Amino acid sequence: MSANGISNANTHIPLAFDAGSHSIRFGFCNNSSPNSDIPAVVGGMLDGTESAGHTDRIKRCSTYYVNVNSLCVPREGMELINIMDKGLIQDWDAFENLMNYAYSKCLFTDPKLHPVVFTESPSNTKKNRKKLMELLFEKYNVPAMIICKNAAAAAFSCGIETGIVVDSGATHTTAIPVYEGYVITGAIVSSPMGGDFILKRCEKHFYENNIDVIPHYLIANKQRVRANETPIWSKKNTLPKVTNSWHNYMCKSVLEDFKHTVLEVAEHPYTDAVLSNLPTCHYEFPNGYNQEFGSERFKIPEFFFNPSNEGGNLTALSGVVHLCAAMCSDTIVDELYSNIIVTGGNSLIKGFPRRLHTEIASNLRNTSRVKLTAPIDSTNRRFGAWIGGSLLATTAKFNHLWFNSSDYHENGTDEINHNYRYI
């Protein structure tokens, strides 16, 4: 970035954006955590006209609803639209509306005042990167920006330049090797076992045990009942006719609450005899049904580590890490294994980092000690990429990574790709 760019960028505090499949985090880089963490979905009311920007959508949305408070209000005809797909922006209309909301309703600032750090998935495309830059420079008139890989940012948040980042998010879990701050894209290994995968297993368990998942919005009132008794509740009778996508989203929120409240990963591969002696966890569903959950709360997330036990043909997460390391140069393998960083929403499941460390170490033969880093503070683990991006923006030695508006208007988006001015 030019000297003028540095001067302009330092005029106001930079902003960091970290977009994931489940939620999008953003905030001022002088904070220790994001100002906001909002769902990566928006509600859209269709106006019946053709969409010029999306060939796969027959109708275009005239009104968007962003963030939890707006999304959770039942509205007739409101469809839920996923902004992201496997870490990539897929709906640019919806994304633009979310950005408008972020600047006006959460950050309360003018975008042209603040340089921006934006994290991206290692699988992001040049086409997507170009579109993001055009949006930020041409609509929002940001003075400068840095694009960085979310894995490199997560490693940087832990003070690590070389290691393997295990990012277990909503749609997948990925092992990403980072060497001296740069992602080795040819050695990235991904598994479809993510948070949504576990939610489906929760849903399957409830179905097989005749447990109804009733979302909060349907319930007018309920009575307290004893554990395992049939719930006594009444349904609201003044609800609008909601769409399937919105209803399913509300049901999913119940499953997510159950996942984070009840599930736990066993320290070692489980046996029914051992798990039957472990403490149970009491949980009450929105309709009042409640029970103690025992071995099942360990069996559901066990799939991460032993998918073959359930008849699956997927690779265990430890195998994903080993395959990632094997695809890298032998000269850095020991250093990679000694710096494994765990991040993402699934890493917050109790016992997840400990078990992953155990599984990785047990499968190694002639490699030096394994060290796994999982910040004790759940905020740091969940927002690792955002924290790393914010540190990157405020560290003087990375000033050369800034790509300012004059660079963009003089040379277009090609320069950031040709000169690798992103990490």
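The values are calculated or read from the model by the stated rules, or taken from the named source; none is laboratory data. Bear in mind that the values here come from a model prediction, so they are computed numbers and not experimental data. So basically every Cβ, Gly included, is an ideal-geometry build from the backbone, and we count neighbours across all protein chains shown. Note: accessible area is taken over every heavy atom of the protein model, side chains too, but ligands, DNA and RNA are not part of it. Shrake-Rupley method; radii C 1.70, N 1.55, O 1.52, S 1.80 Å.
If I go through segment 356-391 residue by residue, how many of them are open to solvent by 20 Å² or more (accessible area, probe 1.4 Å), closer than 27 Å to P307 by Cα and not in a loop (DSSP other than H, G, I, E, B)?
So the answer is 10.
If you take the residues in segment 326-355 that are surrounded by 18 or more Cβ atoms within 10 Å (Cβ to Cβ), part of a helix (DSSP H, G or I) and small (G, A, S), which one is farthest from the chain's Cα centre (by Cα)?
S347
Looking only at residues in segment 133-168 that are assigned to a loop (DSSP other than H, G, I, E, B) and among the polar types (S, T, N, Q), which one is surrounded by the most Cβ atoms within 10 Å (Cβ to Cβ)? Break it down into steps so the answer makes sense when it comes.
Kept after step one, since they are assigned to a loop (DSSP other than H, G, I, E, B), are these residues of segment 133-168: 140-143, 158-162.
Narrowing further to those that are among the polar types (S, T, N, Q): 141, 162.
Details: N141: 12, T162: 17.
It comes out as T162.
Being open to solvent by less than 20 Å² (accessible area, probe 1.4 Å), touching a residue at least 12 places away in the same chain (Cβ under 8 Å) and not small (G, A, S) narrows it down to one residue among P231, P215; which is it?
Working: P231 fails: open to solvent by less than 20 Å² (accessible area, probe 1.4 Å).
When all the criteria are applied, what remains is P215.
Given T185, T109, T171, which one is open to solvent by 20 Å² or more (accessible area, probe 1.4 Å), within 27 Å of Y64 (Cα to Cα) and at pLDDT below 95? Let's see the steps before the verdict.
Numbers: T185 fails: within 27 Å of Y64 (Cα to Cα); T109 fails: at pLDDT below 95.
After ruling out the rest, the residue left standing is T171.
Would you be able to say whether some residue in segment 220-228 is open to solvent by less than 50 Å² (accessible area, probe 1.4 Å) and free of Cβ contacts under 8 Å to residues at least 60 places away in the same chain?
No; the residues of segment 220-228 include none that is open to solvent by less than 50 Å² (accessible area, probe 1.4 Å) and free of Cβ contacts under 8 Å to residues at least 60 places away in the same chain.
Tell me which residues, restricted to segment 265-279, are among the small types (G, A, S) and either in a strand (DSSP E or B) or open to solvent by 20 Å² or more (accessible area, probe 1.4 Å) (or both).
A273, S276
For segment 37-47, state whether one or more residues are in contact with a His (Cβ under 8 Å, 6 or more places away or on another chain), farther than 30 Å from S406 by Cβ and at pLDDT below 90. Let's see the steps before the verdict.
We begin by selecting, within segment 37-47, every residue in contact with a His (Cβ under 8 Å, 6 or more places away or on another chain); these are 39-40.
Among the residues that remain, those that are also farther than 30 Å from S406 by Cβ are: 39-40.
Retained after the next criterion (residues that are at pLDDT below 90): none.
Among the residues of segment 37-47, not one is in contact with a His (Cβ under 8 Å, 6 or more places away or on another chain), farther than 30 Å from S406 by Cβ and at pLDDT below 90, which makes the answer no.
Testing K241 on (1) farther than 28 Å from V42 by Cβ; (2) open to solvent by 90 Å² or more (accessible area, probe 1.4 Å); (3) touching a residue at least 60 places away in the same chain (Cβ under 8 Å), one condition comes back false. Which one is that?
(1) is the only condition that K241 fails.
Filter segment 285-325 down to residues that are among the aliphatic types (A, V, I, L, M) and in contact with a Phe, Trp or Tyr (Cβ under 6 Å, 6 or more places away or on another chain) and give me whichever is surrounded by the most Cβ atoms within 10 Å (Cβ to Cβ).
First pass over segment 285-325, keeping only residues among the aliphatic types (A, V, I, L, M): 300, 314, 316-317, 320-321, 323, 325.
Filter again for in contact with a Phe, Trp or Tyr (Cβ under 6 Å, 6 or more places away or on another chain), leaving 316-317.
Numbers: A316: 21, L317: 26.
The selected residue is L317.
Using the structure shown, decide if S347 is of a type outside the set (A, V, I, L, M, F, W, C), in contact (Cβ under 8 Å) with a residue 40 or more places away in the chain and closer than 21 Å to I198 by Cα. Break it down stepwise before answering.
Details: of a type outside the set (A, V, I, L, M, F, W, C): yes; in contact (Cβ under 8 Å) with a residue 40 or more places away in the chain: yes; closer than 21 Å to I198 by Cα: yes.
Yes: the conditions hold for S347.
Looking at (1) at pLDDT 95 or above; (2) surrounded by 23 or more Cβ atoms within 10 Å (Cβ to Cβ), which one does Y103 not meet, given that it meets all the others?
(2)
Test each condition in (1) modelled with pLDDT of 95 or more; (2) surrounded by 12 or more Cβ atoms within 10 Å (Cβ to Cβ); (3) not in a helix (DSSP H, G or I) for H282 and report the one that comes out false.
(2)
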